[in-house]
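For reference, the structure discussed in these notes is given below.
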Amino acid sequence: GIWERLTKDLGVYPSVVTYNVMISGLCKCGRSSEGLGLWDRMRKNERKMDLFTYSALIHGLCEIGDIDGAERVYKEIVESKVSPDAVVYNAMLNGYFRVGRIKDCFELWELMGREGSRSVSSFNIMTRGLFNNGKVDEVISIWELMKESGYVEDSITYGILVHGFCKNGYLNKSLHVLEIAERKGGVLDAFAYSAMINGLCKEAKLDKAVSVLNGMIKSGCKPNAHVYNALINGLVGASKFEDAIRVLREMGTEHFSPTVVTYSSIINGLCKGERFGEAYDLVKEMLDKGLNPSVITYSLLIKGLCLDRKVERALQLWNQVISKGFKPDVQMHNIMIHGLCSVGKMQLALSLYFNMNRWDCAPNLVTHNTLMEGFYKDGDVRNALVIWARILRNGLQPDIISYNITLKGLCSCNRISGAILFLQDAVSKKIVL
């Protein structure tokens, strides 16, 4: 490129400022290894580097986890008698935490203290890194040191503390920090509130979670979808479905469109609570809004509707799913086929079975066993035996369930001689019935 033409063809060597611009640009684009190569060239051309050069390079190398490269540059800073500033130290701290070198973090931290290079950002980096490594006692010590040293926590500090204490199971500590932050007028971000609400919901402290949400709104921090989702998750977990749906509606009035996660959480909970009609209505609402439920959500609802003997509604949902371009997997097919068989709709079940190839979905042994059982219950021995033959043709091995279905089915249809043949076959294959 232009750089090569300048240096090789024309013999023009860039200034320190030009090198700095190039190195900084490469690091910001995630090409720190190329920045390191340029730094080597800069040294070769005897260009004196300034702190900006070192800072940009160390930060970039630490971001990609190349702590060895960052240490190499840091070593040269020390040897060249350039005094590292807080930016350099903070980048190195981040880098050490990124690769799990906690001992080096503490050694650097002590050096920063001796040289008076700590800042609020340094405390924040140290606190976050220690939380990520589960060192809560050390975090508490660092926080106490921060206050004793006269540093004032910012909103980032409070956010890290609230989230970190929650993540590590110190919910009361987290609440204490939240109260301090709100009392001092600190503005926490939605991420911290989301962690707090999530932690409270996990411990079934739902009233407190709602109180935290109200406090969040009062402090001027607007809840986002993550905050609402955390609260809805907790309400669903406590089977407070009406409250969960009320929060879902609130999201719409606050101009936060509920996400797939929001709907899925409520729908899955309703299915587990056997409230399939309400779950079905919410799935329809999702589809109308252009949101696609997951395979798990569809499967749970279709299974629930079938268990509730609402097979027609399950079939309507199935057709709606297909019309939206969704490709059902083998588990979904098995659930729908089982539902159809349970109400004697064998031709529909068989049609679904034959259409599986259309979705590049191979029937498994569960599919065949379900169909066989359905045909035997319907007294249709011929089709049941056809399915047995298809098991073998498809390269599947009949299991104990396959044999039990067949033996029971043949006996119930007075085909005793046929049942004896299958029993002998099972014994010869050492299948214990």
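All of the numbers you see were taken from the coordinates with simple rules; none came from a lab. Everything numeric in this text was worked out from a predicted model, so none of it was measured. Neighbour counts are summed over all protein chains in view; Cβ atoms, including those assigned to glycine, are modelled from backbone coordinates with ideal geometry.
So the values come out like this:
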quantity: Extension gain (nm, one decimal) between Thr253 and Gln347, 0.36 nm per residue minus Cα-Cα; calculated: 29.2 nm
quantity: At R0 = 35 Å, FRET efficiency that the Cβ-Cβ distance of Asp425 and Val295 yields, to 0.05; calculated: 0.45
quantity: Where labels lie 7 Å past Cα in the beta-carbon direction, separation of Val386 and Ile401 in nm; calculated: 2.3
quantity: Most mobile of Val261, Val187, Val343 in a GNM of the chain (Cα contacts under 10 Å); calculated: Val343
quantity: Formal net charge of residues neighbouring Leu200 (Cβ-Cβ distance under 10 Å; K, R +1; D, E -1); calculated: +1
quantity: Estimated [θ] at 222 nm from DSSP helical runs (n ≥ 4, -39500 (n - 2.57)) normalised by residues in the chain, nearest 500; calculated: -22500 deg cm²/dmol
quantity: Relative contact order, percent, the range 245-297 [alpha-carbon distance under 8 Å, six or more residues apart]; calculated: 33
quantity: Extension gain (nm, one decimal) between Val78 and Glu110, 0.36 nm per residue minus Cα-Cα; calculated: 9.9 nm
quantity: Highest-first arrangement of 382-388, 74-80, where packing means the average Cβ count within 10 Å; calculated: 382-388, 74-80
quantity: Burial order of peptide ranges 117-127, 398-408 (average beta-carbon count within 10 Å, highest first); calculated: 117-127, 398-408
quantity: Normalised contact order of the range 280-433, rounded percent, pairs of Cα under 8 Å and 6 or more residues apart; calculated: 15
quantity: Ranked packing of 269-277, 100-108, most packed first, by mean Cβ within 10 Å; calculated: 269-277, 100-108
quantity: Given charges at beta-carbon only (K, R positive; D, E negative), |dipole| of the chain in Debye; calculated: 1240
quantity: Whichever lysines have a C-alpha closer than 18 Å to that of Lys81, once near sequence neighbours (fewer than 8 apart) are set aside; calculated: Lys48
quantity: Net length gained if the chain between Glu179 and Cys413 were fully extended (0.36 nm per residue, minus Cα distance); calculated: 77.0 nm
quantity: Computed E for Gln320/Arg393 - FRET, C-beta separation, R0 35 angstrom, nearest 0.05; calculated: 0.60
quantity: Number of Lys pairs (Cα under 23 Å; 8 or more positions apart or on different chains) in the range 265-363; calculated: 16
quantity: The chain, relative contact order [Cα under 8 Å, separation at least 6], %; calculated: 6
quantity: For Val88, Val260, order by how many other beta-carbon atoms lie within 10 Å, fewest first; calculated: Val260, Val88
quantity: Nitroxide proxy distance, nm - points 7 Å out along Cα→Cβ at Asp360 and Arg275; calculated: 3.9
quantity: log10 of Debye I(q)/I(0), alpha-carbon scatterers only, for the range 366-433 at 0.13, 0.17, 0.22 Å⁻¹; calculated: -0.30, -0.53, -0.90
